[in-house]
Amino acid sequence: MERPELEQVLGRVLGPAEPEVGCDVCFAELDRYVDVQIAGGDADAAIPGLRAHLAGCPACREEYESLFALASSERS
Ligand SMILES: [Zn+2]
């Protein structure tokens, strides 16, 4: 028998290593995430899984981009 590929496919879909938050958490933490990022901190460590969610959720990414643009312009 060949080695089954299902396991590999599942592993890729479920993303074994990286945690991912849901839209609710993303929405609640997005302000803080952007703040930490603007401040030069490690936003991915501050809110684990948020970046993974942004990568896969166009709606939240759009929200993030506008928040980030707003926060950057306020700070400069
Ligand atoms: Zn989302």
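Listed values, structure above:
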quantity	calculated
Residues located in segment 19-33, provided they are free of Cβ contacts under 8 Å to residues at least 24 places away in the same chain, more than 11 Å from the ligand (Cβ to nearest atom) and charged (D, E, K, R)	29, 32
Count of residues meeting criterion [within 15 Å of the ligand (Cβ to nearest atom), exposed (fewer than 15 other Cβ atoms within 10 Å of the Cβ) and of a type in the set (A, V, I, L, M, F, W, C)] in segment 34-69	2
Residues of segment 4-61 classified as modelled with pLDDT of 90 or more and not in a loop (DSSP other than H, G, I, E, B), total	31
Residues being under 9 Å from the mean Cα position of the chain (by Cα) and closer than 12 Å to residue 63 by Cβ - total across segment 31-52	1
Cβ-Cβ under 9 Å pairs, at least 6 apart or on other chains, segment 56-68 side hydrophobic (A, V, I, L, M, F, W, C), far side within 8 Å of the ligand (Cβ to nearest atom) and in a helix (DSSP H, G or I)	57/23; 57/26; 59/23; 60/23; 60/26; 60/27; 60/53; 60/54
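The values are calculated or read from the model by the stated rules, or taken from the named source; none is laboratory data. Just so you know, these numbers come straight off a predicted model, no measurement behind them. Neighbour counts are summed over all protein chains in view; Cβ atoms, including those assigned to glycine, are modelled from backbone coordinates with ideal geometry.
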